[in-house]
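J.: Take a look at this one; I'll ask things after.
The values are calculated or read from the model by the stated rules, or taken from the named source; none is laboratory data. Just so it is clear, the model here is predicted, and its values are computed rather than measured. All Cβ positions, glycine included, derive from the backbone under ideal geometry; neighbour counts span all protein chains shown. What goes into the accessible areas is simple: the full protein's heavy atoms, side chains included, and nothing from ligands, DNA or RNA. Shrake-Rupley method; radii C 1.70, N 1.55, O 1.52, S 1.80 Å.
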Amino acid sequence: MSETKTSKGWVIPLLIIPLILILLTAYFVLNYANGRPLLSLPFATEEKTTDKANPSVELERRLKVANQEIKKLRNQSQEQSDTLKAKEQEVERLIAERDRLKQTPATTATTDQTKTTKKTASVTDVYAEMAPKDAALILNELSPTEVVPIIEDIDAEQQAAIIAKMDAKKAAALTQLLATK
């Protein structure tokens, strides 16, 4: 008998507490759906009735706000337009500069390359005419990367004679550079 009383004692709280929670949740959801704050009174206040009684004041206020927003947007638009014009002028200036630079270095680079080629060819000719012993003494004083452009155009017999007379370490480094060319 005591077991039935304890089970009936739990039934009431198990049904009433969820029912209360469901009703409170429904109240808050309906208030939120109607646009009212969660704990507001469900009836209209005086402030709302005065706004509805004088709609022209509200319209004037909204018109002022809209006009201020329009002025702000026009200013932003003008600033962006000015910035765009400045950037377009900068782009045109840079394009003109690029075109000018494209034309100028092409002729200068070509003449520099031919001068370098002529100088290298004449230096190569000088070392080709020298005795291998004398050429080796001079080329030992240069780095192997400097020697490669000079010696690579000399015929193989003359190269062999010059490299044979050079310092062994320099000759080895020079040979590696010549092999990679």
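J.: Any residue in segment 136-146 that is hydrophobic (A, V, I, L, M, F, W, C), at pLDDT 85 or above, assigned to a helix (DSSP H, G or I) and open to solvent by less than 50 Å² (accessible area, probe 1.4 Å)?
T.: First pass over segment 136-146, keeping only residues hydrophobic (A, V, I, L, M, F, W, C): 136-139, 142.
Applying the additional criterion that residues be at pLDDT 85 or above yields 136-139, 142.
Still in the list and also assigned to a helix (DSSP H, G or I): 136-139.
Within this subset, residues satisfying the condition of being open to solvent by less than 50 Å² (accessible area, probe 1.4 Å) are 136, 139.
Taking every residue of segment 136-146 in turn, at least one turns out to be hydrophobic (A, V, I, L, M, F, W, C), at pLDDT 85 or above, assigned to a helix (DSSP H, G or I) and open to solvent by less than 50 Å² (accessible area, probe 1.4 Å).
J.: Note down all Cβ pairs under 9 Å where the first residue falls in segment 155-166 and is free of Cβ contacts under 8 Å to residues at least 40 places away in the same chain and more than 12 Å from residue 128 (Cα to Cα), the second is open to solvent by 80 Å² or more (accessible area, probe 1.4 Å) and of a type in the set (A, V, I, L, M), and they're at least six residues apart or on different chains.
T.: Correct list of pairs: 165/137; 166/137.
J.: Take segment 147-174 and flag every residue that is open to solvent by 70 Å² or more (accessible area, probe 1.4 Å) and of a type outside the set (Gly, Ala, Ser). Spell out the reasoning first.
T.: Initially, segment 147-174 is screened for residues open to solvent by 70 Å² or more (accessible area, probe 1.4 Å), giving 152-153, 155-157, 164-165, 167-169.
Selection gives 152, 153, 155, 157, 165, 167, 169.
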